[in-house]
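**Q** Dumping the structure here so I can ask a few things about it.
The values are calculated or read from the model by the stated rules, or taken from the named source; none is laboratory data. A quick note: this is a predicted structure, and the numbers were derived from the prediction, not measured. FYI the Cβ positions are ideal-geometry reconstructions off the backbone, even for glycines, and counts take in every protein chain you see. Each accessible area value is taken on the protein alone, full model and side chains, heavy atoms only, with ligands, DNA and RNA left out. Shrake-Rupley method; radii C 1.70, N 1.55, O 1.52, S 1.80 Å.
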Amino acid sequence: GMASPKKAKITFDVMKMLDPHQLKPDSMETERIMNALDETAAKLEMSSLIPHVIDSLDRFADTLGPEITKNLLELQKLSMEMECLLASSGEETTTRTEEQQNRLCFLEQRLKCSVRNVLRLFLANPSLPQALKPKAEVGDSPAEVFVRAFGVFRNLMLERLLTSPVEEEGKTQFVEDISLQIKKHTEAITALQAKLAAAIQTREDEISKKDNIIKDLKTRIQDLAKDSKVSFQRIKEEGDKQQKVELRASQSRRAGLQQDIEQLQRQLSVLVVEHRASELALRKRKCRLEMEIWNWVQKYDTDMAEKQAEYEEVDAAYAEEKAQLSLLTEKHALLLQEYTQIEEERRMLREKEEEALKELITKNRAAARIQALWKGYLVRCLYKPKKKKGKGRKGK
């Protein structure tokens, strides 16, 4: 009698501890992790819808709108390019070239960016995935299997996060105790089955004895029935008296409890009004933050588009300037060769001019000396006879 309530309480506590639906987040970190897992599950569900929506894009065009349709067409184009590139690289027996590897990495980046854009647009329209899911007729695809497996992982993670080491040890000990009890119960059942077989065997022998006892008991029962009528009447009278006393006490207790209920209801009304006002303020703040986040996302997309256009323009100008630079480099090499040849010719001309100038100077000096000698010779020739005449006159 004492063991049954204790065992029932232990079983109830353990089942409550093992049931994931009874677990609730009790810390900010746990709540953040579960919010991240829930957001990932929502994105996975939306991602599983994308292939089916692309296959029936004409049927969903009016529901999706031009912007989402444009992004889905771009995603379809990138997926086809990726499949073609993988098929072409898979047919080759040699390893991929560096150019194919770079192209594959570039296509992977563009494909990831396109998927993120589609998911961002789906998240901006919360009713859109619900409108597409019944129409898409999604079956047990690998994506759906993965989504369900992720849901199981989410529940296991929640249970793991909310289970302390002490509770984990308690679970382990409980499982060990259950296994030990099952073993003991199996042994007890085997022993009881043996006893039951022996009891069945002896029961037939005792039936005859019990028939005689039953006859004696019937006579006693008749006597007891007469005595019980008298006792029943007396007990009924005492019970009526006790019922009246307890009824008066219960009425007074009901009046007190009714007053407590009215007071608690008034307190509940006040708390509900306060909590509703607080909830309204928090909802307004949440809407304002969501609008700010949406504006920042739109601004980011616009800035990235402008940066991409500016990058493409600068890249085109860079390619043009690079081509011009290559052409100018070739021209510069030709001009440098011509300049070197001209400089060499000028140097040779200068050397020839210097040699000619030295030869001219030499000739001028020789001519000057010859002229001086000649002039001296002429002067000597002119004055020499005069001197001879003067001597002759003097001698005379």
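**Q** Which is open to solvent by 40 Å² or more (accessible area, probe 1.4 Å), acidic (Asp, Glu) and at pLDDT below 80, of Glu67, Glu92, Glu74?
**A** None of the other options fit; the residue is Glu92.
Residues are listed down the side, and each one gets a yes or a no for (1) open to solvent by less than 100 Å² (accessible area, probe 1.4 Å); (2) in a helix (DSSP H, G or I); (3) within 29 Å of Arg120 (Cβ to Cβ):
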{"site": "Gln258", "(1), (2), (3)": "yes, yes, no"}
{"site": "Ile261", "(1), (2), (3)": "yes, yes, no"}
{"site": "Leu264", "(1), (2), (3)": "no, yes, no"}
{"site": "Gln267", "(1), (2), (3)": "yes, yes, no"}
{"site": "Arg276", "(1), (2), (3)": "no, yes, no"}
{"site": "Arg283", "(1), (2), (3)": "no, yes, yes"}
{"site": "Met291", "(1), (2), (3)": "no, yes, yes"}
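**Q** Follow-up question, since we're still on this one. Condition test on Asp55, is it acidic (Asp, Glu) and either modelled with pLDDT of 80 or more or open to solvent by 100 Å² or more (accessible area, probe 1.4 Å) (or both)?
**A** Answer is yes for this residue.
**Q** Pull out all pairs, ordered by first then second residue, where Cβ-Cβ is under 9 Å, the residues are six or more apart or on different chains, the first lies in segment 159-174 and is within 24 Å of Leu37 (Cα to Cα), and the second is surrounded by 15 or more Cβ atoms within 10 Å (Cβ to Cβ) and not aliphatic (A, V, I, L, M).
**A** The qualifying pairs are Leu161/Pro25; Leu161/Thr30; Leu162/Pro25; Leu162/Thr30.
Conditions (1) of a type in the set (Val, Ile, Thr); (2) over 30 Å from Val118 (Cβ atoms), marked per residue:
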residue: Leu280; (1), (2): no, yes
residue: Arg288; (1), (2): no, no
residue: Tyr311; (1), (2): no, no
residue: Leu328; (1), (2): no, yes
residue: His332; (1), (2): no, yes
residue: Thr340; (1), (2): yes, yes
residue: Thr362; (1), (2): yes, yes
residue: Arg369; (1), (2): no, yes
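**Q** Would you call Met34 at pLDDT 80 or above and either at positive phi or surrounded by 15 or more Cβ atoms within 10 Å (Cβ to Cβ) (or both)?
**A** yes
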